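Chemist: Next up is a structure, given as structure tokens.
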Amino acid sequence: MIRVPRLKQNRHGVYSIRILWTDAAGQRRESLHSLGTRHATTARLLALAFNEAYERKRAMTEKPKLPNLEELVRKYELDMAHGVMKADGAADHALMMEALKAYKEIHGQFPPIQEAMTIGRPQTQAMVQRILAKSMPFSQATAAYLEEKQHDNAPQTLVEKGRTYKDFTDVFGDLDINLYGKPELVQWKTADLKRGIKANRINKRLGQVNDFFNWAIRHGHYTASDKSPVEGLFIANKDKLAAKVEHYEPFTSDELKAIFSSAYLEDMPKPDHYWIPIVSLFTGARREEIASLKAANVKTIDGVPCFQIEGGKTADARRVVPVHPHLNALGFMAYAQHVQGMGQEFLFPFTTEGANGRGKNAGRQFALLLDKRGIKDDRKVFHSFRHTVITRLHALNSNPAHVMQITGHRGETGQSVHFNTYTHDMGLMALAETLGKLVYPLDWDGLKMPDPTFKAFLNRWKLIEDRNARTAKTRKEKTP
């Protein structure tokens, strides 16, 4: 993209006109005039018009008077929300046409606005012609999209998309969606590349914006084109990128012995710290699937203790998984029953929902534990439990459908096992039998907590919660 002279963008994304000049004392000076916009198209048009006016006046006099930017903006009345550009008189009309011509040289096409002036005749609403119909602001459109996607996207996916859309508006402003085109998306992608973001991450962000624009096209909101402005901008394809990605590795038996040594109880003192890695070791469940479990979803179905995992990364994540005998022996069911008896909604009620989920603290603690145990391989992380379970179950020649159901994982054929497939007694018993084959050479007696229900910890937490609630209520009552 050709650089527009004198146009500068600060670290907040706001564009300015930058003028270098020499004062009476011969000192070099810099003057910045804010354009008051983060939108690249608007800034370039204003800068082109300013440069033309400035150079024209400089040619007429040795000491040109800088054109007033506020007056320039007023004359042009760039109404980006309605896709209209207005001008005062024939002189401004000619200047505008020069700006548009220069814009076309930069972008290869005219901007998504059209000059709406008939020289020598008064302007009326009927005379205003628009290339693009007015739609709705980006924030309003994405809010409608995310509301609809609540039916088929996991909560964490919606949070991630929301963050991406906010980042997009922070860069370009909350404009009418018809004003975003290929140049803006190219600029956004280029900025990500300069920030050193990996290709997979950039493609994910582009995909989230692409999904939105395709939705907006189907619903008649985005009418600037019949194709998403993201089309053709992805970096390579998924297969090529996947070949370059270093996948997570399963833990070896020696690494598991180091992780779950006798010091584990001391290093992982809280219920979420202690239980979440052990549950993942025997289920292959993702960190957030375990951390966000509802207390009532740990239950016994047809005589088989089970987890009922309702939400996760994908639709396949919704499943019923038996509780492994070693988990039961460590007191996991007793812990779940204690939390249920407290009337709590979540299995780990003291955790809070955040941008990184309810399991962020347990994940951070586990990362520290790996460092302590000298496990430095970047491919060995919490998610390695999932790979450990899948790898070992396959090595035991387990039924592939059982492995898919236990882990909520798609097979090579792309087929998934339905949530209700194994909710009858024979199916659950078959799953429990498959899972029971999963064994690890660990000292289970040494891993057992003196009180696996964490009664003292939970009672102390509840006491503090109740006290804080009473204090908040008292303050509210005293507020006039």
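The values are calculated or read from the model by the stated rules, or taken from the named source; none is laboratory data. None of these values were measured; they are calculated from a predicted model. FYI the Cβ positions are ideal-geometry reconstructions off the backbone, even for glycines, and counts take in every protein chain you see.
Chemist: Given (1) in contact with a helix residue (DSSP H, G or I) (Cβ under 8 Å, 6 or more places away or on another chain); (2) at pLDDT 95 or above; (3) not in a loop (DSSP other than H, G, I, E, B), identify the lone condition not met by Ala362.
Modeler: In the conditions (1) in contact with a helix residue (DSSP H, G or I) (Cβ under 8 Å, 6 or more places away or on another chain); (2) at pLDDT 95 or above; (3) not in a loop (DSSP other than H, G, I, E, B), Ala362 misses (2) alone.
Chemist: With the requirement that a residue be within 16 Å of Gly357 (Cβ to Cβ) and of a type in the set (A, V, I, L, M, F, W, C), what does the range 258-280 give you?
Modeler: Trp275, Ile276, Val279
Chemist: If a residue must be without any contact (Cβ under 8 Å) to a residue 24 or more places away in the chain and either in a loop (DSSP other than H, G, I, E, B) or touching a Gly at 6+ places or on another chain (Cβ under 6 Å) (or both), how many such residues does the range 367-391 contain?
Modeler: Residues that pass the stated criteria total 1.
Chemist: With the requirement that a residue be surrounded by fewer than 18 Cβ atoms within 10 Å (Cβ to Cβ) and among the polar types (S, T, N, Q), what does the range 345-396 give you?
Modeler: The answer is Thr352, Asn356, Thr391.
Chemist: Report every pair of residues separated by at least 6 positions or lying on different chains whose Cβ atoms are under 7 Å apart, first residue within the range 430-446 and free of Cβ contacts under 8 Å to residues at least 60 places away in the same chain, second surrounded by fewer than 16 Cβ atoms within 10 Å (Cβ to Cβ).
Modeler: Pairs found: Thr434/Asn399; Lys437/Leu396.
Chemist: Provide a single number: the residues in the range 440-458 that are exposed (fewer than 11 other Cβ atoms within 10 Å of the Cβ) and either of a type outside the set (D, E, K, R) or touching a Gly at 6+ places or on another chain (Cβ under 6 Å) (or both). Give the steps one after another, and end with the answer.
Modeler: Of the range 440-458, the ones exposed (fewer than 11 other Cβ atoms within 10 Å of the Cβ) are 441, 445, 450, 456.
Okay, now just the ones that are also either of a type outside the set (D, E, K, R) or touching a Gly at 6+ places or on another chain (Cβ under 6 Å) (or both), so 441, 450, 456.
Matching residues across the range 440-458 total 3.
Chemist: In the range 234-253, how many residues are assigned to a helix (DSSP H, G or I) and either at pLDDT below 85 or closer than 17 Å to Asp378 by Cα (or both)?
Modeler: 7
Chemist: Please verify whether Ser135 is of a type in the set (S, T, N, Q) and closer than 30 Å to Glu288 by Cα, treating the condition exactly as stated.
Modeler: Numbers: of a type in the set (S, T, N, Q): yes; closer than 30 Å to Glu288 by Cα: no.
Criteria not met by Ser135.
Chemist: Could I ask something else about it? What number goes with the only condition from (1) surrounded by fewer than 19 Cβ atoms within 10 Å (Cβ to Cβ); (2) assigned to a helix (DSSP H, G or I); (3) in contact (Cβ under 8 Å) with a residue 40 or more places away in the chain that Leu185 does not pass?
Modeler: Going through the list (1) surrounded by fewer than 19 Cβ atoms within 10 Å (Cβ to Cβ); (2) assigned to a helix (DSSP H, G or I); (3) in contact (Cβ under 8 Å) with a residue 40 or more places away in the chain, Leu185 breaks only (1).
Chemist: Test of understanding: among Ile217, Ile197, which residue is out of contact with any helix residue (DSSP H, G or I) (no Cβ under 7 Å at 6 or more places or on another chain), outside the structural domain of Arg38 (by TED's automatic domain parsing) and outside any loop (DSSP other than H, G, I, E, B)? It would help to see each step written out before you state the result.
Modeler: Details: Ile197 fails: outside any loop (DSSP other than H, G, I, E, B).
On inspection, the qualifying residue turns out to be Ile217.
Chemist: Now a separate question. Condition check: modelled with pLDDT of 90 or more, touching a strand residue (DSSP E or B) at 6+ places or on another chain (Cβ under 6 Å) and over 21 Å from Ser262 (Cβ atoms). Does Ala395 satisfy that? Step through it out loud before you land on a result.
Modeler: Working: modelled with pLDDT of 90 or more: yes; touching a strand residue (DSSP E or B) at 6+ places or on another chain (Cβ under 6 Å): no; over 21 Å from Ser262 (Cβ atoms): yes.
Considered against the rule, which asks whether it is modelled with pLDDT of 90 or more, touching a strand residue (DSSP E or B) at 6+ places or on another chain (Cβ under 6 Å) and over 21 Å from Ser262 (Cβ atoms), Ala395 comes out as no.
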